[in-house]
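The values are calculated or read from the model by the stated rules, or taken from the named source; none is laboratory data. Model, not experiment: these values are computed from the prediction. Heads up, the Cβs are rebuilt from the backbone with ideal geometry, glycines too, and the neighbour counts pull from every protein chain shown.
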Amino acid sequence: MNWLPHLQRATALDADARALLREQGSLTLRLRRACRQFAVRCLCQRVASLSPDEADCLALRVGQVVWERDVLLVTDGRPAVFAHTVMPYCPRHPFDRYFAALQSQPLGKLLFSDPRILRGALEFRRLDRHDALYRRILEALADDAPVALPPRLWARRSRFNRQAKGVLVTEVFLPASTFTGVRP
C-alpha cells in the first residue's frame, strides 16, 4: 500500500482522529497539552541504511547512510505514538550535532523552533503486520504491559527541510491513547 496525500473520505474516523492526523503543528506540543505527564522514550538513535520507501521520499539512494531514531511518545504512562525519523548522515553539519544530542528530548521542539525548517505535505496510510515499522512497534512494546495491537495502525509522515537537509518523520498512532482526550 502506498502513502496517500490525503485521508480518503470513506475512511471511518471521527472528527478528533481526523484533526489529529492532519495536525500541521507540533504533535509533541499537542500531546503535552492533552495529558498530565509526557515523556519521550528513545528506543534507538543510530546510523543505519536507508530503505527504498524512505529513499524515494528523501530523493536519496537506497542504502545510503542515514541517522535513524525511533521513539515512543508516552502520555500519562501509556505509549501513544511511535515516531521514526531518518535523515542523511553528515556528522559535521550543525543539524546533525543537534540531532545526535537529542536522546530523550522531543525532536518536535527542534523542528518547530527553527523558522528555517519548513514542513512538507503530510502523507497517510495504515500499517499492518507486513510493514517493518509495525514490527518495530511490536518489539518496542514487548517490555510494556501487554498491548494488543489492532491489525492496522494509522500512520502519517512528512518531510522537513532545512536548506538542502531533509528529515523524514513518520508517526504511528497507537491504540492505548491514540485519539482519546486529544482535542484541537
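If we keep just the residues of the range 64-95 that are under 17 Å from the mean Cα position of the chain (by Cα) and polar (S, T, N, Q), which is nearest to ASP114 (Cα to Cα)?
Here is the first cut: in the range 64-95, the ones under 17 Å from the mean Cα position of the chain (by Cα) are 66-75, 78-88.
Add one more test, that the residue is polar (S, T, N, Q), and what stays is 75, 85.
Numbers: THR75: 25, THR85: 17 Å.
So, considering only residues that are under 17 Å from the mean Cα position of the chain (by Cα) and polar (S, T, N, Q), the one nearest to ASP114 (Cα to Cα) is THR85.
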Problem - ARG18 vs. criteria in contact with a Ser or Thr (Cβ under 6 Å, 6 or more places away or on another chain) and either aromatic (Phe, Trp, Tyr) or farther than 20 Å from ALA132 by Cα (or both) - result: no
Practice task
For the range 40-52, enumerate the residues that are touching a helix residue (DSSP H, G or I) at 6+ places or on another chain (Cβ under 9 Å) and either more than 16 Å from TYR89 (Cβ to Cβ) or buried (at least 17 other Cβ atoms within 10 Å of the Cβ) (or both).
Solution key: VAL40, ARG41, LEU43, GLN45, LEU50
Exercise for the section: Name, by its number, the condition in (1) closer than 23 Å to LEU7 by Cβ; (2) modelled with pLDDT of 85 or more; (3) of a type in the set (A, V, I, L, M, F, W, C) that does not hold for ILE117. Expected result: (1)
Problem - Of the criteria (1) in contact (Cβ under 8 Å) with a residue 60 or more places away in the chain; (2) within 16 Å of THR170 (Cβ to Cβ), which one GLY25 fails - result: (2)
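Every residue, every condition in (1) closer than 23 Å to LEU141 by Cα; (2) among the polar types (S, T, N, Q); (3) more than 16 Å from the chain's Cα centre (by Cα), yes or no:
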{"residue": "ASP14", "(1), (2), (3)": "no, no, yes"}
{"residue": "GLY25", "(1), (2), (3)": "no, no, no"}
{"residue": "CYS42", "(1), (2), (3)": "yes, no, no"}
{"residue": "SER49", "(1), (2), (3)": "no, yes, yes"}
{"residue": "PRO52", "(1), (2), (3)": "no, no, yes"}
{"residue": "CYS57", "(1), (2), (3)": "no, no, no"}
{"residue": "VAL62", "(1), (2), (3)": "no, no, yes"}
